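Everything below concerns the one structure shown next.
The values are calculated or read from the model by the stated rules, or taken from the named source; none is laboratory data. On a predicted model such as this, the values are computed, not experimentally measured, just so you know. Every residue, glycine as well, gets a Cβ built from its backbone with ideal geometry; the counts of neighbours run over all protein chains shown. Just so you know, the surface numbers come from the protein's heavy atoms only, side chains and all, with ligands and any DNA or RNA stripped out. Shrake-Rupley method; radii C 1.70, N 1.55, O 1.52, S 1.80 Å.
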Amino acid sequence: MSIDPILRDAIVRRRTFAIISHPDAGKTTLTEKLLLYGGAIHLAGTVKARRQQRHATSDWMQMEQERGISVTSSVMQFAYEGYQVNLLDTPGHEDFSEDTYRVLIAADSAVMLLDNRKGVEERTRQLFAVCKRRRMPIFTVVNKCDRVGEDPLKLLSDVEADLGIDCHPVTWPIHADGNFIGVYDRRRKLIYRFERSEDHGATRADVQVGSLDDERVRELLGAEAHERLTHDIALLDAAGHPFNQTAMLAGTLSPVFFASALTNFGVEPFMREFVELAPPPTARESSAGLVNPADPAFTGFVFKIQANMDPKHRDRIAFVRICSGRFEPGMQVTHVRTGKPMRLASGQQFLARERSAVEEAWPGDVIGVMDRGTLRIGDTLSANGNLEFSGIPRFAPEHFARIIAADPLRRKQLDTGLRELTEEGAAQVFYTSGTDTLSPTPIVGAVGQLQFDVMLHRLEHEYGAPCRLEKITARHPRWVVGSKAEIERIARDRGRMLLYDAKGHPLILFEDAWGLRWVLERETTVTWHEVAP
Ligand code: G4P
């Protein structure tokens, strides 16, 4: 089969990635600096100002009323040195939810951002696990190098031990008199010596570039820093993990970069290497085998739904990651789950902070499709028959609560709201008897606490069903497959609770991890699953 050269060119130039990090590692700051170097914004400081409004829950609600902003920042597209970069935003703060995980499914690689004093933290670990399961290439950026942090060699050996991944430093920090003054790029064999800008990093940092044996560079660094760098590089060359592209693409070796997003030092050397090293969109698994991005027929899947953009109309935007072919407005596709034809009237594209209609889009790109409630997370759109992309995984909630309607007469609105929020992926709902809505009090599950606040707010404002929550102490769910009698017997013990999910699959909630482990080891007449089977 001959490949359309325009399609092929679009694919090789696409880089679609997400940043994973623990709150406060500097994701917002780095995102902004990438946009600055990508020419999508000219002055850093705007995205950040927005984030600051997000700290408190009430501010978040206000944010939601200005949804336009949060949507446009969900996907940021910009050009960099001939590449088209799609940066998918992973909501990372208190508003941590299943959304965060799902965004990773739509990305082709991940950038793991670490604080140079803290290394791997809890949230990083959770998100890393998702990337690892998917064998995604993972790049590491050690941030905040302008402050004294952990010794770089020690930090990397901790990352390796903690996450079970090999690290290969592509850039290495240069310090002089305790100050971070630049990085050395081992692939290009170039030194970048930065100057701090007067505007606290709002614009690009001045940089001088030269090789290690350049006399001028030695002077710029100072003899001591130069000597230390030469020594460090020799050590890394002799004792470090060599670069290995196969291992990088399989996600077992992480290229590492050192930077300060605040001062911009090291950001551009990272960007330059990243676009070269990170993979373009590759083949994705589907029910009909691997789908190659260069396949001329359009395919894509919905990985996120943003509902009620305008509360007056029940409009929703479905975010579709394109897997193959070319998108053009007005094209006909099949909505595979229902088998119905669907016309993609116009897609929305996300260029930094502005939303505009797209003329065309390619594999790796994300388009926003206006939808009146047909599309669900995980749905495939295909101009290539009935293939379906392997399901977007569900994630087990970590918090559970009974949801009680403030006005019992509004139960119908509550049920509608819960059903729609479940379809959208904003909630998971459970019932205490298998006959779903007849059960007296539905139970909701969330991956993060703020997901509950969002649910309550939306149930009240969008569905007219004000509710309150009654937290449940049990928080370790396991789906269970086996005979009804056996399941009921196991669930009867203290500290356990039998529930049914929206599809009627039974699960048992355990109060503590120890009790859960104990049961998993002993009860082998049934099978256990971490997420819905
Ligand atoms: P997040 O999105 O990952 O949560 O992190 P964010 O960018 O908001 O950064 C968290 C804090 O870390 C901010 O400080 C930010 O300025 C700081 N920071 C980010 N990158 C760097 C860096 O390279 N070096 C240093 N020294 N600090 C960095 P803050 O005090 O919470 O906010 P602000 O008052 O500085 O705005």
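Name the residue, out of PRO466, PRO533, that is closer than 22 Å to ARG419 by Cβ and at pLDDT 90 or above. Before the answer, list the steps.
On the way: PRO533 fails: at pLDDT 90 or above.
Exactly one of PRO466, PRO533 is closer than 22 Å to ARG419 by Cβ and at pLDDT 90 or above, namely PRO466.
Within the range 16-29, restricting attention to residues that are more than 7 Å from the ligand (Cβ to nearest atom) and closer than 21 Å to LEU114 by Cβ, which residue is surrounded by the most Cβ atoms within 10 Å (Cβ to Cβ)?
Selected residue: ILE20.
Out of all the residues in the range 113-122, which are modelled with pLDDT of 95 or more and within 12 Å of the ligand (Cβ to nearest atom)?
LEU113, LEU114, ASP115, ASN116, ARG117, LYS118
So which residues in the range 380-396 are buried (at least 23 other Cβ atoms within 10 Å of the Cβ) and not small (Gly, Ala, Ser), if there are any at all?
The answer is THR380, LEU381, PHE389.
Going by what's in this entry, would ALA259 be described as of a type outside the set (Val, Ile, Thr) and in contact with a Cys (Cβ under 8 Å, 6 or more places away or on another chain)?
Yes: the conditions hold for ALA259.
Among the numbered conditions (1) away from the ligand (no atom under 14 Å from the Cβ); (2) in contact (Cβ under 8 Å) with a residue 24 or more places away in the chain, tell me where ALA161 comes up short.
ALA161 satisfies all of (1) away from the ligand (no atom under 14 Å from the Cβ); (2) in contact (Cβ under 8 Å) with a residue 24 or more places away in the chain except (2).
Taking the criterion of being assigned to a strand (DSSP E or B), open to solvent by 10 Å² or more (accessible area, probe 1.4 Å) and more than 16 Å from the ligand (Cβ to nearest atom), would at least one residue in the range 250-266 satisfy it?
Step one: list which residues in the range 250-266 are assigned to a strand (DSSP E or B), which gives 253-258.
From the residues that got through so far, the ones that are open to solvent by 10 Å² or more (accessible area, probe 1.4 Å) too are none.
No, the conditions are met nowhere in the range 250-266.
If only one of ALA239, ALA288 is over 21 Å from ASP185 (Cα atoms) and open to solvent by 20 Å² or more (accessible area, probe 1.4 Å), which one is it?
Criteria check complete, one pass: ALA288.
Can you pull out the residues in the range 204-255 that are closer than 30 Å to THR29 by Cβ, in contact with a strand residue (DSSP E or B) (Cβ under 9 Å, 6 or more places away or on another chain) and among the basic types (Lys, Arg)?
ARG228
Only one of HIS457, HIS476, HIS461 is open to solvent by 30 Å² or more (accessible area, probe 1.4 Å) and in contact with a strand residue (DSSP E or B) (Cβ under 8 Å, 6 or more places away or on another chain); which?
After ruling out the rest, the residue left standing is HIS476.
Would you pick out the residues in the range 505-533 that are in a helix (DSSP H, G or I) and surrounded by 12 or more Cβ atoms within 10 Å (Cβ to Cβ)?
GLY515, LEU516, ARG517, TRP518, VAL519, LEU520
Does ARG204 fit the bill of being open to solvent by 30 Å² or more (accessible area, probe 1.4 Å), closer than 16 Å to PHE270 by Cα and within 16 Å of the ligand (Cβ to nearest atom)?
The answer is yes for ARG204.
I'd like to check something: does the range 243-262 contain any residue that is more than 21 Å from SER109 (Cα to Cα) and over 28 Å from the mean Cα position of the chain (by Cα)?
No.
Assigned to a helix (DSSP H, G or I) and touching a Cys at 6+ places or on another chain (Cβ under 9 Å): which single residue out of LEU156, LEU127 fits that description?
Details: LEU127 fails: touching a Cys at 6+ places or on another chain (Cβ under 9 Å).
It is LEU156.
Give the residues of the range 123-147 that are within 14 Å of the ligand (Cβ to nearest atom) and surrounded by fewer than 13 Cβ atoms within 10 Å (Cβ to Cβ), sorted by residue number. Walk me through how you get there before you give the answer.
Of the range 123-147, the ones within 14 Å of the ligand (Cβ to nearest atom) are 123-124, 127, 141-147.
Hit for the range 123-147 is ARG147, nothing else.
Among the residues of the range 320-358, which ones are at pLDDT 90 or above and touching a helix residue (DSSP H, G or I) at 6+ places or on another chain (Cβ under 8 Å)?
Listed by number, the residues that qualify are ARG321, GLY325, ARG326.
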